[in-house]
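Structure incoming, see below.
The values are calculated or read from the model by the stated rules, or taken from the named source; none is laboratory data. None of these values were measured; they are calculated from a predicted model. So basically every Cβ, Gly included, is an ideal-geometry build from the backbone, and we count neighbours across all protein chains shown.
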Amino acid sequence: MSIRTLYLAGGCFWGTQRFFDQFDGIINTEVGYANGPTENPTYKDVCASSGHAETVKVVFDDALISARKLLEYYFMVIDPISINRQGGDTGIQYRTGVYYDDDSLLPAIRAVFDEEQKKYSQPLAVELLPLENFFSAEEYHQKYLEKNPTGYCHIPSSMFELD
């Protein structure tokens, strides 16, 4: 088993986590705050433009789901040319980004980014950066849409039943 991790910022992390939890090969997901300038931010800090992105840590078995396939799914549920906005959510914490802590994933990541870029005349607004930091969000945010099935989500509920 080859366990890998990617950190995916796709707007509000509630829906992004729910979306990825459906796929075989996903070992664990955790919502948190990534690539911001301070340590241990709270949700209140993040909502006050702390600079962190709402991000889902996705741990996966690449023998069952490749990084490439994971990112193809990711691009299905984001607007990759929207800056600091996904659905009705706006602000720097809702920016899109793919953050990595394993350089061996870069060829697969870049291949998917290159394919996506061909679909648009303007540059993608999705950050592609090494992970600087990741801080787990408060417990009530973890698996939020499982606990609150009627909670708000910018991702259509039909996308939660692909696998």
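Search the range 119-136 for residues being more than 17 Å from the chain's Cα centre (by Cα) and more than 19 Å from Val77 (Cβ to Cβ), and hand back the single one that is surrounded by the fewest Cβ atoms within 10 Å (Cβ to Cβ).
Taking the range 119-136 as the starting set, the residues that turn out to be more than 17 Å from the chain's Cα centre (by Cα) are 119-123.
Narrowing the set further to residues that are more than 19 Å from Val77 (Cβ to Cβ) leaves 121-123.
Values: Ser121: 6, Gln122: 8, Pro123: 9.
Step by step, filter the range 119-136, then rank; the result is Ser121.
Still on this structure, I have one more. Taking the stated definitions as given, is Gly97 surrounded by fewer than 17 Cβ atoms within 10 Å (Cβ to Cβ), within 20 Å of His154 (Cβ to Cβ) and either touching a strand residue (DSSP E or B) at 6+ places or on another chain (Cβ under 7 Å) or touching a residue at least 24 places away in the same chain (Cβ under 8 Å) (or both)? Lay out the reasoning, then the answer.
Details: surrounded by fewer than 17 Cβ atoms within 10 Å (Cβ to Cβ): no; within 20 Å of His154 (Cβ to Cβ): yes; either touching a strand residue (DSSP E or B) at 6+ places or on another chain (Cβ under 7 Å) or touching a residue at least 24 places away in the same chain (Cβ under 8 Å) (or both): yes.
Criteria not met by Gly97.
Which count do you get for residues in the range 40-56 that are within 16 Å of the chain's Cα centre (by Cα), surrounded by 21 or more Cβ atoms within 10 Å (Cβ to Cβ) and either in a loop (DSSP other than H, G, I, E, B) or β-branched (Val, Ile, Thr) (or both)? Talk me through it step by step, then tell me what you get.
The first filter runs over the range 40-56 and keeps only residues within 16 Å of the chain's Cα centre (by Cα), leaving 46, 51-56.
Those still in the list that are surrounded by 21 or more Cβ atoms within 10 Å (Cβ to Cβ) too: 46, 52-56.
If we keep only those that are either in a loop (DSSP other than H, G, I, E, B) or β-branched (Val, Ile, Thr) (or both) too, we end up with 46, 52, 55-56.
Of the residues in that region, 4 qualify.
Still on this structure, please answer the following. Any residue that is assigned to a loop (DSSP other than H, G, I, E, B), charged (D, E, K, R), modelled with pLDDT of 95 or more and touching a helix residue (DSSP H, G or I) at 6+ places or on another chain (Cβ under 7 Å) - is there at least one of those in the range 123-142? Spell out how you get there, then give the answer.
In the first step, residues of the range 123-142 are kept if they are assigned to a loop (DSSP other than H, G, I, E, B); the result is 123-126, 131-133, 137-138, 142.
From the residues that got through so far, the ones that are charged (D, E, K, R) too are 132, 138.
Imposing the further condition that a residue be modelled with pLDDT of 95 or more reduces the set to 132, 138.
This time we only want the ones that are touching a helix residue (DSSP H, G or I) at 6+ places or on another chain (Cβ under 7 Å), so: 138.
There is at least one residue in the range 123-142 that is assigned to a loop (DSSP other than H, G, I, E, B), charged (D, E, K, R), modelled with pLDDT of 95 or more and touching a helix residue (DSSP H, G or I) at 6+ places or on another chain (Cβ under 7 Å).
Sort out which residues of the range 18-28 are over 13 Å from Leu145 (Cα atoms) and either touching a residue at least 60 places away in the same chain (Cβ under 8 Å) or in contact with a Cys (Cβ under 6 Å, 6 or more places away or on another chain) (or both), and write them in order of number.
Phe23, Asp24
Residue by residue, here is whether (1) more than 16 Å from the chain's Cα centre (by Cα); (2) hydroxyl-bearing (Ser, Thr, Tyr); (3) at pLDDT below 95 holds:
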{"residue": "Arg4", "(1), (2), (3)": "no, no, no"}
{"residue": "Thr16", "(1), (2), (3)": "no, yes, no"}
{"residue": "Phe19", "(1), (2), (3)": "no, no, no"}
{"residue": "Tyr33", "(1), (2), (3)": "no, yes, no"}
{"residue": "Thr38", "(1), (2), (3)": "yes, yes, no"}
{"residue": "Val58", "(1), (2), (3)": "no, no, no"}
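Would you confirm, using the coordinates I've provided, whether Asn28 is of a type outside the set (A, V, I, L, M, F, W, C), under 15 Å from the mean Cα position of the chain (by Cα) and closer than 16 Å to Leu128 by Cα?
Numbers: of a type outside the set (A, V, I, L, M, F, W, C): yes; under 15 Å from the mean Cα position of the chain (by Cα): yes; closer than 16 Å to Leu128 by Cα: no.
Considered against the rule, which asks whether it is of a type outside the set (A, V, I, L, M, F, W, C), under 15 Å from the mean Cα position of the chain (by Cα) and closer than 16 Å to Leu128 by Cα, Asn28 comes out as no.
On the basis of being over 19 Å from Gln17 (Cα atoms), outside any loop (DSSP other than H, G, I, E, B) and in contact with a strand residue (DSSP E or B) (Cβ under 9 Å, 6 or more places away or on another chain), does Phe113 make the cut?
Details: over 19 Å from Gln17 (Cα atoms): yes; outside any loop (DSSP other than H, G, I, E, B): yes; in contact with a strand residue (DSSP E or B) (Cβ under 9 Å, 6 or more places away or on another chain): yes.
When the stated conditions are applied, Phe113 passes them.
Criterion first (surrounded by 14 or more Cβ atoms within 10 Å (Cβ to Cβ), part of a helix (DSSP H, G or I) and among the charged types (D, E, K, R)) does Asp79 satisfy it?
Values: surrounded by 14 or more Cβ atoms within 10 Å (Cβ to Cβ): yes; part of a helix (DSSP H, G or I): no; among the charged types (D, E, K, R): yes.
Here the answer is no, as Asp79 does not meet what is asked.
Report yes if some residue within the range 9-17 is in contact (Cβ under 8 Å) with a residue 40 or more places away in the chain and either over 24 Å from Glu161 (Cα atoms) or assigned to a strand (DSSP E or B) (or both); otherwise report no.
Taking the range 9-17 as the starting set, the residues that turn out to be in contact (Cβ under 8 Å) with a residue 40 or more places away in the chain are 9-17.
With either over 24 Å from Glu161 (Cα atoms) or assigned to a strand (DSSP E or B) (or both) added as a condition, the list becomes 9-10.
Yes.
Another one. Here are some residues: Glu161, Glu116, Glu139, Glu146. Which one is over 15 Å from the mean Cα position of the chain (by Cα) and buried (at least 16 other Cβ atoms within 10 Å of the Cβ)? Spell out how you get there, then give the answer.
Details: Glu161 fails: buried (at least 16 other Cβ atoms within 10 Å of the Cβ); Glu139 fails: buried (at least 16 other Cβ atoms within 10 Å of the Cβ); Glu146 fails: buried (at least 16 other Cβ atoms within 10 Å of the Cβ).
Testing whether each residue is over 15 Å from the mean Cα position of the chain (by Cα) and buried (at least 16 other Cβ atoms within 10 Å of the Cβ) leaves just Glu116.
Test Lys69 against the criterion of being surrounded by 15 or more Cβ atoms within 10 Å (Cβ to Cβ), without any contact (Cβ under 8 Å) to a residue 12 or more places away in the chain, outside any loop (DSSP other than H, G, I, E, B) and not small (Gly, Ala, Ser), and give yes or no.
On the way: surrounded by 15 or more Cβ atoms within 10 Å (Cβ to Cβ): yes; without any contact (Cβ under 8 Å) to a residue 12 or more places away in the chain: yes; outside any loop (DSSP other than H, G, I, E, B): yes; not small (Gly, Ala, Ser): yes.
Answer is yes for this residue.
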